[in-house]
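Novice: Structure below; questions to follow.
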Amino acid sequence: MPIAQESQHIVGLDRSAAMLERAERRARRANVAFNSFLMLDPDDRWACLARVREHMAPRGRVAIDVFQPDPQIIAGLDGAVVDEWERIDPETGRAVRKFSSSHANVDGVTQRFWHDETADDGTVHRIGGNMALHYLYRRETELLFSEAGFIIETLHGDYDGNPADARSPKLLVVAKRRERGQGRERRRS
């Protein structure tokens with residue numbers, strides 16, 4: 001978390017889903033990024049993939065896991081305060097509630113979020129911040145990865161392995177480097 005708070009790029013890997021969930025909770029409390037690929041504007045997104053490709057071994061893979069926005073939700077919630085969830089923090093045993101408010105268009109969203117933690121005596125400690133996300137949709141994903149020199153091996157719309165389509169909640173991409181001499185292959189979903 002201290003490295004992430006200093007705006008350094010950081011990636012965490014773990015085989016344990018429980019540990020990843022704990023890391024995500026700590027990242028949210030510390031006001032550091034998740035869905036970070038969506039924080040890159042379109043030009044930086046392409047540049048990021050180009051650098052990834054430069055450093056990949058020929059048999060390497062890149063995996064991206066982001067949400068795919070639902071336009072109806074975006075339009076319906078613009079400016080509204082959303083009470084997203086309440087959970088017990090396993091480290092402190094205290095109730096934490098997450099709220100957010102967004103202003104969006106078809107290209108992206110500026111989101112204000114805050115977490116309220118209720119102490120034993122009833123006082124509330126608030127941690128919050130702002131972030132801008134630039135949306136990524138399935139067709140754009142296919143073009144982006146192709147133009148950046150990748151062949152998409154899998155593109156799923158959820159963790160159950162269903163194909164991505166316009167209504168999928170997630171975009172789960174696994175891609176390999178396109179080598180010289182390999183034509184641009186079009187994925188069919």
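The values are calculated or read from the model by the stated rules, or taken from the named source; none is laboratory data. A quick note: this is a predicted structure, and the numbers were derived from the prediction, not measured. For neighbour counting, all protein chains shown are included, and Cβ atoms are generated from backbone atoms with ideal geometry for every residue, glycine included. Only protein heavy atoms, including side chains, enter the accessible area calculation; ligands, DNA and RNA are left aside. Shrake-Rupley method; radii C 1.70, N 1.55, O 1.52, S 1.80 Å.
Novice: Along its three principal axes, how long is the stretch 50-189 when you only count alpha carbons? Whole Å, largest extent first please.
Specialist: On the principal axes, the stretch 50-189 reaches 67, 34, 28 Å in Cα extent.
Novice: Would you calculate the separation in nanometres between label points at Ala95 and Arg112, each defined as 7 Å from the Cα along the Cα-to-beta-carbon direction?
Specialist: Distance between label points: 2.4 nm.
Novice: So between Ala119 and Asp43, what do we pick up on full extension, going 0.36 nm a residue minus the alpha carbon distance?
Specialist: 23.0 nm
Novice: Then there's this: Between Ala23 and Ala57, what length in nm is gained on full extension when 0.36 nm per residue of separation is reduced by their alpha carbon distance?
Specialist: The Ala23-Ala57 span can extend by a further 9.4 nm.
Novice: Moving on to the next point. Between Asp165 and Glu84, what length comes free when the chain is fully extended (0.36 nm per residue of separation minus the Cα-Cα distance, one decimal in nm)?
Specialist: That pair, Asp165 and Glu84, stretches by 26.7 nm at full extension.
Novice: How large is the accessible surface of Arg51 in square angstrom, using a 1.4 angstrom probe and rounding to the nearest 10?
Specialist: Its heavy atoms expose roughly 110 Å² to the probe.
Novice: Let me ask another. Give the Debye-formula value of log10 I(q)/I(0) at each listed q (0.16, 0.18, 0.26, 0.27 Å⁻¹), with one equal scatterer per alpha carbon of the stretch 97-173, two decimals each.
Specialist: Evaluating at q = 0.16, 0.18, 0.26, 0.27 Å⁻¹ gives log10 I(q)/I(0) of -0.77, -0.85, -1.12, -1.14.
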